[in-house]
Every structure is written in C-alpha cells, then in structure tokens.
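Student: Okay, here's the structure, questions in a sec.
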Amino acid sequence: MSSSREKILAAARANKPEETLLPTVPSFEGDASAERFTEVLTSIGGQVIWLEGPEQLQQVLTQLFPDSRISASPLFPGTLPVDALTTTEVLADVDLAVLPGEIGVAENGAIWLPEANMMHRALPTITQHLVLVLDHKRIVATMHQAYAQLPSTGGYGAFVAGPSKTADIEQSLVIGAHGARSLIVLLY
C-alpha cells in the first residue's frame, strides 16, 4: 500500500511538463553617447556640464554654487566630514553634495551611485543640490548593460536620474518635492 505522499509525488511526476529552453536575450544595443545621455538627462530636469578634466572641479563648483554654505564631498578637502554614522539632523544642513558616479545610462539619464560613493545613504536625497561627477567613458547605452557591470557581491546603491520631482499634486510638476532640488552632472 502506498502512502498519500507517494501518490501525490507519482501524480506530479506523471504530469511534469516538458522542459523548455530559456529565450535568447537580445543584445539591447543602443546609443551610448554622452550626447544622448545629456539629451535625456536635460529632458528630465537635470543639467550636464563638461569639464576639461577633474582638476576643474573646484573652480566650476565655485562658479555654480557661490552661496553654498555647507557642502559634503569625498572628492575635495574642506567639506563637512560625513560617514554612515552622521545624523540626519547634521545632513539636513548640507546644501551641496558632490559625489562620484560610477556608470551613466544614456537611455534614461541615470547614474549608478554605490553606497561607498554616497558617504551616507541619505546624503543624495537630503541635500539641496546634488552634483555627480562622471567619466564620460563610463556611459553605457541601456540599463541592461549597466546592470551587467554591477558587482555580483551586491550591496546598496541607487540609480539617480534628475532632480526629485512629482506631478501628483494637482497635475503640476514640482521639482525638489522629495529630495535634491537640482542635479548637475559634471562629465569629463
């Protein structure tokens, strides 16, 4: 006499569907140019400024944000020291965060920002103005290509695209509603 368990397993084995092969994933080729990235980012409220090289960073930031009181950045000294233990009360006073981006995506104007580059998880969204610095050679065409470059070890990170915005309030576009009021990408 067979048990109920054995009957159920036998029925499952007898009704097993045939194996099907996984579909071939297309290559998702696209325009990985800095021009396409700039066009898309501008259309969603961001701004792109070209630098001749990273050495221009401080000069350009001084021109763009002459009234900046408190800034945070791992890219140059003299800014507010921020780490994972910095309180959000301290971060709330940061009006300018300048962070290095890792991968730009031309199809949607997004930039991959891993946690190590954020200094603190809240900094990119709590600051008034966010500046991301990116080597234009790190721009890929699609999110598929960007995800393929992410480390397999995981970890926290975010794709940032444009300043914070919403159109939920009476169907009016509001910039800076839930995060940074501006996003400038400095490409070199």
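Student: Restricting to segment 176-188, name every residue that is farther than 19 Å from Leu123 by Cβ and part of a strand (DSSP E or B). If you could, list the steps in order and put the result at the bottom.
Tutor: Of all residues in segment 176-188, those farther than 19 Å from Leu123 by Cβ come to 187-188.
Matches in segment 176-188: Leu187 only.
Student: Please count how many residues of segment 152-172 are in contact with a strand residue (DSSP E or B) (Cβ under 8 Å, 6 or more places away or on another chain) and exposed (fewer than 11 other Cβ atoms within 10 Å of the Cβ). Outline the logic, then answer.
Tutor: Looking only at segment 152-172, we keep the residues that are in contact with a strand residue (DSSP E or B) (Cβ under 8 Å, 6 or more places away or on another chain), and these are 155-167.
With the extra rule that they be exposed (fewer than 11 other Cβ atoms within 10 Å of the Cβ), the set shrinks to 155-156, 167.
Residues flagged as in contact with a strand residue (DSSP E or B) (Cβ under 8 Å, 6 or more places away or on another chain) and exposed (fewer than 11 other Cβ atoms within 10 Å of the Cβ) within segment 152-172 amount to 3.
Student: Mind checking which pairs have a first residue in segment 161-172 that is free of Cβ contacts under 8 Å to residues at least 12 places away in the same chain and a second that is of a type in the set (A, V, I, L, M, F, W, C), Cβ under 8 Å, 6 or more apart or different chains?
Tutor: Qualifying pairs under 8 Å: Ala167/Leu173; Ala167/Val174; Ile169/Ala177.
Student: Filter segment 27-47 down to the residues that are outside any helix (DSSP H, G or I) and over 16 Å from Ile103 (Cβ atoms) and list them by number. It would help to see each step written out before you state the result.
Tutor: To start, the set of residues in segment 27-47 that are outside any helix (DSSP H, G or I) comprises 27-33, 44-47.
Residues satisfying the conditions are Ser27, Glu29, Ile44, Gly45, Gln47.
Student: Pick from Asn117, Asn108: which is of a type in the set (S, T, N, Q) and in contact with a Pro (Cβ under 6 Å, 6 or more places away or on another chain)? Quick ask: steps written out before the conclusion?
Tutor: Working: Asn108 fails: in contact with a Pro (Cβ under 6 Å, 6 or more places away or on another chain).
Testing whether each residue is of a type in the set (S, T, N, Q) and in contact with a Pro (Cβ under 6 Å, 6 or more places away or on another chain) leaves just Asn117.
Student: Quick one: is Leu41 over 19 Å from the mean Cα position of the chain (by Cα), of a type in the set (A, V, I, L, M) and crowded, with 16+ Cβ neighbours inside 10 Å? Steps first, please.
Tutor: On the way: over 19 Å from the mean Cα position of the chain (by Cα): no; of a type in the set (A, V, I, L, M): yes; crowded, with 16+ Cβ neighbours inside 10 Å: yes.
No: the conditions fail for Leu41.
Student: What's the total number of residues in segment 48-106 that are assigned to a loop (DSSP other than H, G, I, E, B) and free of Cβ contacts under 8 Å to residues at least 60 places away in the same chain? Can you show your working first?
Tutor: Just the residues of segment 48-106 that are assigned to a loop (DSSP other than H, G, I, E, B), to begin with: 51-53, 65-70, 73-87, 92-95, 101-102, 106.
Going one step further and asking which of them are free of Cβ contacts under 8 Å to residues at least 60 places away in the same chain, we end up with 66-67, 69-70, 73-87, 92-95, 102.
Summing the residues that are assigned to a loop (DSSP other than H, G, I, E, B) and free of Cβ contacts under 8 Å to residues at least 60 places away in the same chain in segment 48-106 gives 24.
Student: For segment 91-118, which residues satisfy the criterion of being on the phi > 0 side of the Ramachandran plot and more than 14 Å from the chain's Cα centre (by Cα)?
Tutor: none
Student: I need the full set of residues from segment 1-38 which are among the aromatic types (Phe, Trp, Tyr) and either touching a Pro at 6+ places or on another chain (Cβ under 6 Å) or open to solvent by 100 Å² or more (accessible area, probe 1.4 Å) (or both), in order please.
Tutor: Within segment 1-38, none qualify.
Student: Is it true that Ala177 is open to solvent by less than 80 Å² (accessible area, probe 1.4 Å), among the hydrophobic types (A, V, I, L, M, F, W, C) and under 15 Å from the mean Cα position of the chain (by Cα)? Explain how you work it out, then say what you get.
Tutor: Working: open to solvent by less than 80 Å² (accessible area, probe 1.4 Å): yes; among the hydrophobic types (A, V, I, L, M, F, W, C): yes; under 15 Å from the mean Cα position of the chain (by Cα): no.
So Ala177 fails the test.
Student: Moving to a separate point now. If you take the residues of segment 109-140 that are assigned to a loop (DSSP other than H, G, I, E, B) and either farther than 25 Å from Leu51 by Cα or in contact with a Phe, Trp or Tyr (Cβ under 7 Å, 6 or more places away or on another chain) (or both), which of them is most open to solvent (accessible area, probe 1.4 Å)?
Tutor: Taking segment 109-140 first, the residues assigned to a loop (DSSP other than H, G, I, E, B) are 109, 119-122, 127-128, 135.
Now restrict to residues that are either farther than 25 Å from Leu51 by Cα or in contact with a Phe, Trp or Tyr (Cβ under 7 Å, 6 or more places away or on another chain) (or both): 109, 120-122, 135.
Values: Gly109: 1, His120: 28, Arg121: 123, Ala122: 24, Asp135: 39 Å².
Taking the candidates together, the pick is Arg121.
The values are calculated or read from the model by the stated rules, or taken from the named source; none is laboratory data. The structure displayed is predicted, hence computed values, not measured ones. Using ideal geometry, Cβ is built from the backbone for each residue, glycine included, and neighbour counts are taken over all protein chains shown. Just the protein is used for accessible areas: all its heavy atoms, side chains included, with ligands, DNA and RNA removed. Shrake-Rupley method; radii C 1.70, N 1.55, O 1.52, S 1.80 Å.
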